Every structure is written in C-alpha cells, then in structure tokens.
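A short reminder: the numbers here are calculations on the coordinates, not readings from a lab. All figures in this text were calculated on a predicted structure; none of them were measured in a lab.
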Amino acid sequence: MSGGNQYSNTYMRTISITAKCSDMFNADFVDDNKIVGEYDGYVPKWFPNTYSNHYGDYVMITIDIDTGKIINWKTPLEKDLKETFNTN
C-alpha cells in the first residue's frame with residue numbers, strides 16, 4: 001500500500017471505484033428530503049472522471065476511507081443540475 005495518492009501530498013487511505021454503466025446511469029436530485037429531479041441515461045459530463053472525455057460510460061470516484069468523502073468531487077454548477085435533472 002502506498003502512503004500517498006494522486007490528490008494530495010499528505011498521507012491518505014483511499015479506495016478508487018470505476019463502474020461502467022453506459023446508458024444505464026440513474027440519479028435522484030433530492031432537496032429538503034424531496035425528490036425534485038430524476039435522471040436516467042448516460043453519465044453526466046460534470047460527474048467526476050479521470051479521463052477528459054468518458055463518453056458517458058464510466059463513473060470514477062475516489063473515496064477517503066477515513067472520512068468517507070469523495071476526494072475528486074467538484075460541486076456541479078447550477079446550470080448543470082438544471083440541465084441534467086430538468087429543474088427550474
């Protein structure tokens with residue numbers, strides 16, 4: 001086991017997950033404990049990914065084992081959420 005990772009110069013234990021879901025990705029957008037949007041299809045372009053273009057086929061996340069946080073998560077823009085989940 002290596003003591004470093006690609007996201008930080010400090011010691012961190014991580015698990016990297018790659019899942020191919022092609023056009024079978026689905027997600028619910030929940031706000032205030034209510035589903036305000038649903039999405040089925042290819043993986044959205046704004047989702048974390050190691051590759052510059054994942055063609056909507058792969059979900060790739062890295063999780064800090066000790067905190068449970070997704071390391072490579074970037075907060076999506078409101079326009080991306082609205083477009084993906086068809087919300088106003």
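Numbers for the structure displayed
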read-out: Where only C-alpha atoms are counted, convex hull volume of the stretch 14-82 per residue in Å³; value: 102 Å³
read-out: Too-long pairs where the Cα-Cα distance tops 20 Å, listed order kept, from 34/69; 20/45; 20/79; 34/74; value: 34/69; 20/79; 34/74
